[in-house]
1. So, R0 is 35 Å and r is the distance between the beta-carbons of residue 74 and residue 143; what FRET efficiency does that work out to, to 0.05?
2. Send over the per residue convex hull volume for the stretch 1-108, Cα only, as a whole number of Å³.
3. Averaging the inverse of every distinct alpha carbon separation and then flipping it gives the Kirkwood radius. What is it for the stretch 53-159, in angstrom units?
4. Relative to the present Cα-Cα distance, how much length would full extension add between residue 34 and residue 110 at 0.36 nm per residue of separation?
């Protein structure tokens, strides 16, 4: 059973709760109605205080946050558009960068070269082409990092099979055995399929007799 405590409320709130209880005639008592009211208020407060991720407008490889301003200079003067709720708005209409250029310059042009961008919190205007080159550079760096990561792991794994004084070819031929070859499945299989080499001290008796000239 849920424990109950006493909570003071103002007299107008108590009258409003009693009036609602008399009008609706619900099957709950006053304590249950107070619990429901407080629970719903807490849910609304948590939802209102939850941080909202800002929306973005994606322009090819460049993404622009809400509040970003775009500018185009023409003979008639500057023209401005702004990113609002993830859309590019120019003269109260959602447009694309190319449509913004066409509406401002009255002809078709390269949007990357014609548009200047002012990011939220900045006072300077940056050419859109510069932002595009920076985004492409970051994308290429991340792609190269992903491609080179498996190669580095493969190189480390191959290097672990090499010991000082030995080589892949030497161990594959069975001329020398090292501790690392036992931990490497590739060289262990090659080693186990051959007889022990002379450097390990296990020379067959027939070979010793041939060396010493005995029958």
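1. On the way: r = 38 Å, r/R0 = 1.07.
It comes to 0.40.
2. Numbers: hull volume 24.4 nm³, N = 108.
It is 226 Å³ per residue.
3. Answer for the stretch 53-159: a Kirkwood hydrodynamic radius of 15.6 Å.
4. Values: separation 76, 0.36 × 76 = 27.36 nm, distance 6.26 nm.
Going from the current span to full extension adds 21.1 nm.
Every number here is computed from the coordinates shown, using simple stated rules; none is lab data. Keep in mind that this is a model prediction, so the values were computed, not measured. Backbone-built Cβ (ideal geometry, glycine too); neighbour counts: all protein chains shown.
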